[in-house]
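Asker: Here it is, the structure in full.
Values in this text are rule-based calculations from the coordinates and carry no lab data. None of these values were measured; they are calculated from a predicted model. Glycine gets a Cβ as well: all are built from the backbone with ideal geometry, and neighbour counts include every protein chain shown.
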Amino acid sequence: MAKVRLATVWLSGCSGCHMSFLDQDEKLLELAGKIELVYSPIADIKDFPENVDITLVEGAVGNEEQLELLKKIRKNTKMLIALGDCAVNGNVTALRNSLNNSVEEVLERAYVENATIKQNAPTNVPRLLKRVLALNEVVKVDFYIPGCPPPANLINYVLNELLEGRVPPLEGRFKYG
Amino acid sequence: MKPDELRSLAQKEAEARKSYRYRINVCCSSGCMPFGALKVLSAFKDAVKEFGVEGECYVARTGCIGTCSIAPAVLIEPGDYLYQNVTPDRAKEIVKEHIVNGRPVKSMLYGNEAYFKKQLRIVLRNAGKIDPLRIEDYIAVGGYYALLKALTRMTPEGVIEEVALSGLKGRGGAGFLTGLKWRYVARATGSPKYVIANLDEGDPGVFANRTLAEADPHAIIEGMAIAAYAVGASKGYIYVRSEYPLAVETLKKAIEAARSMGLLGEKIFETAFSFDIELRLGAGAFVAGEETAILASIEGRRAMPRPRPPYPAQSGLWGKPTLINNVETLANIPVILLKGSEWFASIGAKNCTGTKCFSLTGKVNNPGLIEVPMGITLREVVFEIGGGVPPGRRFKAVQVGGPSGGFLPEQLLDLPIDYESLTKAGAIMGSGGIVVLDDTSCMVDTAKFFTEFCVDESCGKCVPCRVGLYKLYKILDGFTRGEGSLEDLQKVEELCEFIKEASLCGLGQTAPNPTLTTLRYFRDEYVAHILEKKCSAGKCFKNGGGVGGE
Amino acid sequence: MAEVWEASKMIELTIDGKKVTAKEGDTILKVARENNIYIPALCYLEGVSSFGGCRVCLVEIKGSPRVFASCVTPVAEGMEIITNSERLKRYRKWAVELLLSERPHVCSVCVANGSCELQQLATDLGVDHLRVEREWTNYELDLTHERFAYDPNRCILCTRCIRICDEIEGVHTIDLMLRGKNSKVIFDLNDKWGFAESCTSCGKCSAVCPVGALYVKGKPHSESKRKELASFVTSRRSEKTIG
């Protein structure tokens, strides 16, 4: 039987969800037997591949590059999973939306006011979106694993259930936020 | 006032009326005032003097004649000659030709007979024909006789029975049987009891209650007094919007006049019945028209609805049994008592008797205030009374029931106007607004507009209305800017169901109606907006959208 | 309070098929809880008047097509109440989702994380994402009070604070201003909390705040939260009256 092609993606987030993913510890070995990791921040693959079965996306959509990437992910993935609160609802990443949706204000604060040297905003990086978006504000999301971060055993449970062909009910199993 | 005094005053007034050969009624309601009605009024008075016909021609300042499209409107009796767009100059000519020479000025007459043909004026029986500021005018046409009859010849239970038999339903929108409501209050224990007349008409494009109060305030006062007698109340409040200055002023003077004649106050008509009325002004909130919100507002608290039960009939104003009726409901009462419940029940439809006032507006040739028997079809209202949509345009939809009324398409135009049929089709009787739309209106944009109104007017107490409506508005707004998918339509429907079912009061429960009915009858427009980014009316996509873009 | 001594009329009804006896006049929510039937609720606070705003405690009553807020609907003889149908679950989920989307509720940076009733409800009802766009309001924080803080961005307008301040503490420092989605909880005449003269600094409001909008400075919400405060006071009051 062909292995399930799994991808994990890190958009605008703290990487805590990936840490939690890695916290599956020895269960990762078990998982590794069932999947082929085709794209991930922990693997050096440049382009998002085609024909992916499951993609776990951590983080919210914060800039233009991520917006494009997410659209590509959607196109190339059978099951897209929002991993963690930033992907699910924006969470801390989206807090900047409260600042009048002003990109300039955010950049000014981060790169000028709070910087001690080289006080200017970067220019040769992807442009920030006016508003940070949760995944489901951009594309259709097939499954949500909330939590900040979602506990390792929840991630493990969900993946194993999905690999067995079941859609696990989450009521009461996760903690919102 | 003694019973005999009413009779002799009525007789005297009627004779005085008869002594004039002509009576010129100049409409000075909120519809005609901005067009210079008061100048027209004084021009008529001057002209009558100038031509020396003061003795045979009486010039009266009246309320609404009902034809707002031809403001300022003037009605000359006998013969009910209706002059349109009268100016001070034309007033002089009319006096010269019509009064002095006895030749009506045909070129200035409003020739549209179809507008009145299907109307039946019970509530607006005196509108445009009496001076609302002269209580004598009201008495001359039989005013306060019903109160006299109730107090001297009927028991409270007898009055309730008569109202119940008439089949009258509440005209405020929900259509609860008036007689039944009265009986609940009459049987409730607690003292004192209160009567409240609801004149907090806040719907955009609706002006029926305001016009009634401006044209015939004593009909409301008399109705209230009779209601108070029937349920055992001694104190009444008229809750009126402060945005209706002319109605407020008219009611204030009418109450004073009734009081000074002894028609309000202690021992009315020398019976044991005492009753007085106070005006209470509402400030700005649409939701204050909801009956439990009115209670809060009159008590001096924030106008927020509360859940029922307990119903106001058991625990209303300051926890006492309270009757709340719309002013239109109340204005029906004197006629029912004088002409009998059988007569009233013979008008209108089988389980929906009497008439209903509607503010007919929108893309219609003859807008105005109309009163029609229940059971009349929408087609008759829009095309016969309203004269259809402007030339070259195509009828698209008609909204019945104010901002939270549904939009009905052409194929439903033969629907009879009654509470049940309207509700079944997704509209409501509501406060009596009929807005006609032609092909220049986009249904998505229209649904968005009315949803936005309800968002602004939500009191904020319950979640479905406060948050749900706002989210609904945002989704609809997205559709008009090129955002959204077909899946969102399903979401809209689910959200609407939640708002409709789970909201605390009538505002939230009916607010999704415009969206739901446009989705039901004009779904293709939504689909065209979403898939083709096309708006057949050319209203949408004026500003670029795009997800997250700058 | 003479009526305390009058024998209350007892009635019978069923909740989720279970036959229960109840005092006439009590609300469905109260009767259900007395019989260990859990109906979720949010704005409800035992010991103060019911508000009926959050619509989480909705129930169905057999014979009526409508749904009823159980915190304000009195029981009646022979009533058959359903507390947990698919339809009710759907409505409750919407209510919680809408509340979560109304203002920026970001649990991971909130004092109430872990002791928040809204968060708990979202978990219980399986709210794993929001179907509607979130609002990112930017209300100014009020840190002017010596001991307490107020973050309107986390407020869900349940009015528990208003009711406990008015009905238990008896000062009515807190109330609502504006309407609809612009409604805001304020102190005195929209003064900063630290300058609200009528405030007795009793802390009842922050003790019953279901979320992290009102809280004690420098303390996790879980430590200052006393949800039973109002019912404790009212029960002591009625004991005194009877004694």
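Asker: Filter the helices (runs of 4 or more DSSP H) completely within the stretch B:474-524 down to those with at least 1 residues that are free of Cβ contacts under 8 Å to residues at least 24 places away in the same chain, surrounded by fewer than 21 Cβ atoms within 10 Å (Cβ to Cβ) and within 11 Å of another protein chain (Cβ to nearest Cβ).
Answerer: On the way: elements: B:486-502, B:506-510, B:513-521.
Per the criteria, B:486-502, B:506-510.
Asker: Considering only residues of the stretch C:107-129 that are in a helix (DSSP H, G or I) and more than 18 Å from residue B:467 (Cβ to Cβ), which is nearest to the other protein chains (Cβ to nearest Cβ)?
Answerer: If we filter the stretch C:107-129 for residues that are in a helix (DSSP H, G or I), which is where we start, we get C:107-109, C:117-124.
Now restrict to residues that are more than 18 Å from residue B:467 (Cβ to Cβ): C:107-109, C:120, C:123-124.
On the way: C:107: 2, C:108: 4, C:109: 6, C:120: 8, C:123: 5, C:124: 6 Å.
Step by step, filter the stretch C:107-129, then rank; the result is C:107.
Quick grid of which residues meet (1) surrounded by fewer than 19 Cβ atoms within 10 Å (Cβ to Cβ); (2) over 29 Å from the mean Cα position of the chain (by Cα):
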| position | (1), (2) |
| --- | --- |
| B:15 | yes, yes |
| B:25 | no, no |
| B:36 | yes, no |
| B:50 | yes, yes |
| B:71 | no, no |
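Asker: Evaluate the following for residue C:104: is it surrounded by fewer than 18 Cβ atoms within 10 Å (Cβ to Cβ), free of Cβ contacts under 8 Å to residues at least 60 places away in the same chain, assigned to a loop (DSSP other than H, G, I, E, B) and within 11 Å of another protein chain (Cβ to nearest Cβ)? Quick ask: steps written out before the conclusion?
Answerer: On the way: surrounded by fewer than 18 Cβ atoms within 10 Å (Cβ to Cβ): no; free of Cβ contacts under 8 Å to residues at least 60 places away in the same chain: yes; assigned to a loop (DSSP other than H, G, I, E, B): yes; within 11 Å of another protein chain (Cβ to nearest Cβ): yes.
So residue C:104 does not fit the description; no.
Asker: Scan the stretch C:84-101 residue by residue and report those that are hydroxyl-bearing (Ser, Thr, Tyr) and either in contact with a Leu (Cβ under 8 Å, 6 or more places away or on another chain) or at the interface with another protein chain (Cβ under 9 Å from one of its Cβ atoms) (or both).
Answerer: Quick first cut of the stretch C:84-101, residues hydroxyl-bearing (Ser, Thr, Tyr) only: C:85, C:91, C:101.
Residues satisfying the conditions are C:91, C:101.
Asker: Quick check, is residue A:70 in a helix (DSSP H, G or I), crowded, with 18+ Cβ neighbours inside 10 Å and either at negative phi or touching a residue at least 24 places away in the same chain (Cβ under 8 Å) (or both)?
Answerer: Working: in a helix (DSSP H, G or I): yes; crowded, with 18+ Cβ neighbours inside 10 Å: yes; either at negative phi or touching a residue at least 24 places away in the same chain (Cβ under 8 Å) (or both): yes.
The answer is yes for residue A:70.
Asker: Counting only residues that are within 11 Å of another protein chain (Cβ to nearest Cβ) and part of a strand (DSSP E or B), how many does the stretch C:51-74 have?
Answerer: Final tally of qualifying residues: 6.
Asker: Any chance the stretch B:415-427 includes a residue that's aliphatic (A, V, I, L, M), touching a Gly at 6+ places or on another chain (Cβ under 6 Å), in contact (Cβ under 8 Å) with a residue 12 or more places away in the chain and outside any strand (DSSP E or B)?
Answerer: Keep residues of the stretch B:415-427 that are aliphatic (A, V, I, L, M), which gives B:415, B:417, B:422, B:425, B:427.
Then keep just the ones that are touching a Gly at 6+ places or on another chain (Cβ under 6 Å); that gives B:427.
Within this subset, residues satisfying the condition of being in contact (Cβ under 8 Å) with a residue 12 or more places away in the chain are B:427.
Among the residues that remain, those that are also outside any strand (DSSP E or B) are: B:427.
Taking every residue of the stretch B:415-427 in turn, at least one turns out to be aliphatic (A, V, I, L, M), touching a Gly at 6+ places or on another chain (Cβ under 6 Å), in contact (Cβ under 8 Å) with a residue 12 or more places away in the chain and outside any strand (DSSP E or B).
Asker: Which condition does residue A:47 not pass, out of (1) surrounded by fewer than 23 Cβ atoms within 10 Å (Cβ to Cβ); (2) in a strand (DSSP E or B); (3) not basic (Lys, Arg), if it passes all the others?
Answerer: Of the numbered conditions (1) surrounded by fewer than 23 Cβ atoms within 10 Å (Cβ to Cβ); (2) in a strand (DSSP E or B); (3) not basic (Lys, Arg), the odd one out for residue A:47 is (2).
Condition check ((1) in contact with a helix residue (DSSP H, G or I) (Cβ under 6 Å, 6 or more places away or on another chain); (2) in a loop (DSSP other than H, G, I, E, B)) across all residues:
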| position | (1), (2) |
| --- | --- |
| B:44 | yes, no |
| B:66 | no, yes |
| B:72 | yes, yes |
| B:82 | no, no |
| B:86 | yes, yes |
| B:97 | no, no |
| B:103 | yes, yes |
| B:120 | no, yes |
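Asker: Could we say that residue A:158 is touching a residue at least 60 places away in the same chain (Cβ under 8 Å), of a type in the set (A, V, I, L, M), surrounded by 17 or more Cβ atoms within 10 Å (Cβ to Cβ) and in a loop (DSSP other than H, G, I, E, B) here?
Answerer: no
Asker: Considering only the stretch C:130-160, state which residues are in a helix (DSSP H, G or I) and either more than 30 Å from residue A:158 (Cβ to Cβ) or polar (S, T, N, Q) (or both).
Answerer: Going through the stretch C:130-160, the residues in a helix (DSSP H, G or I) turn out to be C:152-154, C:160.
The answer is C:152, C:153, C:160.
Asker: Can you report the number of residues in the stretch C:154-194 which are charged (D, E, K, R) and either within 12 Å of chain B (Cβ to nearest Cβ) or without any contact (Cβ under 8 Å) to a residue 12 or more places away in the chain (or both)?
Answerer: At the first step, the residues of the stretch C:154-194 found to be charged (D, E, K, R) are C:154, C:160, C:163, C:166-167, C:169, C:175, C:179, C:181, C:184, C:188, C:191-192.
Right, trim to either within 12 Å of chain B (Cβ to nearest Cβ) or without any contact (Cβ under 8 Å) to a residue 12 or more places away in the chain (or both) and you get C:166, C:175, C:179, C:181, C:184, C:191.
Matching residues across the stretch C:154-194 total 6.
Residues are listed down the side, and each one gets a yes or a no for (1) farther than 17 Å from residue A:19 by Cα; (2) more than 11 Å from chain C (Cβ to nearest Cβ):
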| site | (1), (2) |
| --- | --- |
| A:140 | yes, yes |
| A:150 | no, no |
| A:159 | no, yes |
| A:164 | yes, yes |
